[in-house]
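A quick write-up on the structure given underneath.
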Amino acid sequence: MSFDLRTRLDERRAAALYRQRPLLESPQGPEVVVDGKPLLAFCNNDYLGLANHPAVIAAWRAGAERWGVGGGASHLVIGHSGPHHALEEALADLTGRPRALLFSTGYMANLGAVTALVGQGDTVLQDRLNHASLLDAGLLSGARFSRYLHNDAQSLASRLEKATGNTLVVTDGVFSMDGDLADLPSLARVAKAKGAWLMVDDAHGFGPLGANGGGIVEHFGLSQDDVPVLVGTLGKAFGTAGAFVAGSEDLIESLIQFARPYIYTTSQPPALACATLKSLELLRSEHWRREHLAALIRQFREGAQAIGLELMDSFTPIQPILIGDSARALKLSQLLRDRGLLVTAIRPPTVPAGSARLRVTLSAAHSEAQVQLLLNALADCYPLLEPNHA
Ligand SMILES: *Cc1c(COP(=O)(O)O)cnc(C)c1O
């Protein structure tokens with residue numbers, strides 16, 4: 001007996017689904033060096049351009065001088081240090097929630113929150129297009145797990161009719177592969193009517209959305225009563241790493257008691273929390289990044305529509321170009337790369353079969369001229385694709 005890994009790998013390659021990791025040889029930003037080649041990139045999640053910001057780097061450095069580099073223990077033992085605590089208070093303030101709890105990654109925050117809140121005999125209802133970490137969390141929880149149609153409050157309502165036990169409704173805020181917004185006002189209304197709790201993972205909304213970067217709940221003006229469980233990640237617009245859950249006193253105390261991915265792991269380096277405190281300050285106070293980003297999004301959408309590209313219903317920095325077939329998506333990505341541009345092709349199973357796409361992401365660190373270069377290259381390359389063989 002042996003694991004036939006080679007056959008699995010060969011099948012994946014034959015299906016144009018094989019994944020490879022580009023080797024980044026520069027800091028994150030619009031102009032990167034990848035596999036030895038300088039490229040203009042439109043694929044990171046550093047939406048506000050803070051991942052390589054001098055003030056954030058200086059805060060990290062000063063934090064390391066003051067606190068050392070390692071967390072050294074889990075939060076419940078002796079790893080919960082001053083910067084972690086200060087960051088939790090600042091995140092509670094950003095979200096307008098009584099408290100926030102810091103996790104090491106967004107994946108862990110989602111696993112922790114869902115598994116702490118529901119289990120056997122309960123129900124978890126999720127949007128079909130939710131992030132993989134939320135779907136995994138639902139399966140791991142042991143609760144009855146069902147997916148409703150994408151962003152469809154009607155479909156949610158019909159599933160809520162059959163729900164038993166404590167019921168958690170879970171959705172991305174900004175959908176990570178499509179860029180569209182969850183219809184939170186409707187979802188919250190339907191959930192509340194049935195006494196279910198709504199959990200929103202706003203990994204891509206914090207920073208770009210809301211007048212002060214407070215994400216989708218600020219955008220829609222939703223309270224803790226509407227969205228009792230609010231998750232944000234720090235590796236995207238915050239430009240650093242980690243994640244948080246914000247909510248009531250009882251919610252946060254429950255996570256500290258029962259969320260295993262919170263309890264059984266070493267705290268993040270305190271210096272990282274120092275860096276995030278600085279990026280949070282920039283994210284909240286320097287509105288010009290959000291404004292510039294919004295202008296780039298408009299520029300891209302107008303230009304792409306003029307070329308005849310199929311965009312999605314998004315006004316966020318996630319601007320996918322729908323291609324359909326995986327091999328064609330790879331081909332367009334390769335043609336752009338030959339012209340010095342890096343835009344990743346996203347294929348199944350990350351997105352539904354037949355909906356491969358180029359996932360363009362824009363950042364406040366891009367210039368208008370760089371977006372124009374992308375549009376010019378797309379105008380040259382898109383007509384070179386073979387038509388879809390449907
Ligand atoms: C990126 C992402 C995560 C995972 O966050 P990490 O901190 O990178 O682990 C979770 N949810 C969504 C919607 C994401 O886009």
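Here are some notes:
- Pairs of Lys residues in the chain that lie 8 or more places apart, or on two chains, and have C-alpha atoms under 29 angstrom apart add up to 6.
- Extension gain for residue 10-residue 384 works out to 131.8 nm (0.36 nm per residue, less the C-alpha to C-alpha distance).
- Summarising the amide proton neighbourhood of residue 350: residues at separation of 5 or more, or on other chains, whose placed amide H is nearer than 5 Å comprise an empty set.
- Segment 76-93 - phi-based ³J(HN,Hα) in whole Hz, Karplus 6.51/-1.76/1.60, Gly and Pro as x: 6, 8, 8, x, 8, 9, x, x, 4, 5, 5, 5, 4, 5, 5, 6, 4, 5
- Farthest toward positive dipole pole in the chain [+1 Lys/Arg, -1 Asp/Glu at C-beta], among 29, 16, 245: 16
- Extension gain (nm, one decimal) between residue 58 and residue 286, 0.36 nm per residue minus Cα-Cα: 80.3 nm
- For segment 181-268, trypsin sites (Lys or Arg not before Pro) meeting the loop criterion (DSSP other than H, G, I, E, B) and having at most 10 other Cβ atoms within 10 Å: none.
- Sites residue 376 and residue 350 - FRET efficiency at Förster radius 25 Å, r taken between beta-carbons, to 0.05: 0.35
- Cubic angstrom per residue, convex hull over Cα atoms of segment 54-285: 103 Å³
- Karplus-based coupling profile of segment 129-144, in residue order and whole Hz: 9, 4, 4, 3, 5, 6, 5, 4, 4, x, 5, 5, 5, x, 6, 5, with θ = phi - 60° in 6.51 cos²θ - 1.76 cosθ + 1.60 and x standing for Gly or Pro.
- Surface/4 estimate of mean projected area, convex hull on alpha-carbon atoms of segment 165-248, nm²: 5.6 nm²
- Label-point separation, residue 369 to residue 249 (7 Å along Cα→Cβ), nm: 5.6 nm
- Free of any chymotrypsin sites (Phe, Trp or Tyr not before Pro) that DSSP assigns to a loop and that have at most 16 other C-beta atoms within 10 Å, the longest stretch within the chain is 19-263.
- The chain, relative contact order in percent, only Cα pairs under 8 angstrom and at least six apart counted: 22 percent
- Net lengthening on full extension, residue 162/residue 263 (0.36 nm per residue, minus Cα-Cα): 33.1 nm
- Whole-Hz ³J(HN,Hα) from phi, Karplus 6.51 cos²θ - 1.76 cosθ + 1.60, for segment 319-330, glycine and proline x: 10, x, 9, 6, 10, x, 7, 4, 5, 5, 4, 4
Here, each number is a calculation from the coordinates, and none is a lab measurement. For clarity, every value in this text was computed on a predicted model and none was experimentally measured. Every residue, glycine as well, gets a Cβ built from its backbone with ideal geometry; the counts of neighbours run over all protein chains shown.
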